[in-house]
Amino acid sequence: MSTQTALLKVMSDAARKAARGLNRDFGELNELQVSKKGAADFVSAADLKAEQTLFEALEKARPGYGFLGEERGLIEGTDKTHTWIVDPLDGTTNFLHAIPHFAINIALQRDGAIVAAVTYNPVTNELFWAEKGKGCFVNDKRLRVAARTRLDESLIGTGIPFLGHGQHAKFLKELHQISQRVAGVRRFGAAALDLAYVAAGRLDGFWERDLSPWDVAAGHLLITEAGGKVTTIEGEDNVLETGSICAANLDLHPLLTERLKAAA
Ligand code: IPD
Ligand code: CA
Ligand code: CA
């Protein structure tokens, strides 16, 4: 059953609205061939505009909820039990380089727990969504994490640290532990979509450090609702607070964390 509740519809409509602007800007960026500096400014303006669109649409539908966005930080609401956690554009570097792989990411936190999630890829028109206890979907289709149980058959996603961001030496050790044991490792450049791909069974697992709450909040729920397991790389529960994440199905998850521990 893939009927969205009123809440999920609010989130999906907001994502589609912001996506219209991002799609226009993405098309323009491709055609303009703006100078490197100009393109970066153009993309950060697109990012800000998308966040504003999301803020207005969500605030209109659910007045008073708090809003934690990558661009604006935390805007406290009068309703202290609900907070939107939003990345208006995940995969900024892809967007800037005209690579059509980016997403709008929206999660709703209620009393500290993530209860609803939307990850929308405007280029493929894939809307990944989940509500706590109700399963995970892409558009109308129910999703399950992959069924593979062996590391040597698995395709694993990750994020590679980049200039000014992340723990480079630690990452190389982790990659060394994983890459020699799996069928492949991928770095697609949008953590929100990586997590949605784990929920969809496209990737068998994923790990990354130093992410932000807006990168992982939605994907965490997508994966658990698709039957997968999400913890920090150390196997703890506090993924949003630490920005460390390891996700896979129940068979592969302990195998991945074991290899990542061996890298420590
Ligand atoms: C980034 C992407 C990327 C991840 C980075 C994030 P942004 O988000 O999710 O895949 O490796 O750590 O910061 O900056 O494109 O929203
Ligand atoms: Ca992001
Ligand atoms: Ca972003």
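The single condition among (1) buried (at least 24 other Cβ atoms within 10 Å of the Cβ); (2) of a type in the set (Phe, Trp, Tyr); (3) farther than 21 Å from Leu250 by Cβ that Phe171 does not satisfy is (1).
Filtering the range 122-143 to residues that are touching a Cys at 6+ places or on another chain (Cβ under 8 Å) and basic (Lys, Arg) leaves only Arg142. Among the residues of the range 81-100, those identified as within 11 Å of Phe26 (Cα to Cα) and assigned to a loop (DSSP other than H, G, I, E, B) are His97, Ala98, Ile99, Pro100. The residues in the range 178-205 that are over 16 Å from Asp87 (Cβ atoms), hydrophobic (A, V, I, L, M, F, W, C) and crowded, with 24+ Cβ neighbours inside 10 Å can be counted, and the count is 3. Only residues that are over 17 Å from Val10 (Cβ atoms) and more than 19 Å from the chain's Cα centre (by Cα) were counted in the range 53-76, giving 2. Residue by residue through the range 197-215, note down the ones that are out of contact with any helix residue (DSSP H, G or I) (no Cβ under 7 Å at 6 or more places or on another chain) and not in a helix (DSSP H, G or I). Those that are out of contact with any helix residue (DSSP H, G or I) (no Cβ under 7 Å at 6 or more places or on another chain) and not in a helix (DSSP H, G or I): Ala200, Gly201, Arg202, Arg209, Asp210, Ser212.
Of the set (1) open to solvent by 30 Å² or more (accessible area, probe 1.4 Å); (2) at pLDDT 95 or above; (3) farther than 21 Å from Val185 by Cα; (4) within 17 Å of the chain's Cα centre (by Cα), all apply to Ile160 but (3).
The values are calculated or read from the model by the stated rules, or taken from the named source; none is laboratory data. It should be emphasised that the depicted structure is a prediction, and the values quoted were computed from it without experimental measurement. No Cβ is skipped: glycine too gets one built from the backbone with ideal geometry, and neighbour counts run over all protein chains shown. For accessibility, only protein heavy atoms count, side chains too; no ligands or nucleic acids. Shrake-Rupley method; radii C 1.70, N 1.55, O 1.52, S 1.80 Å.
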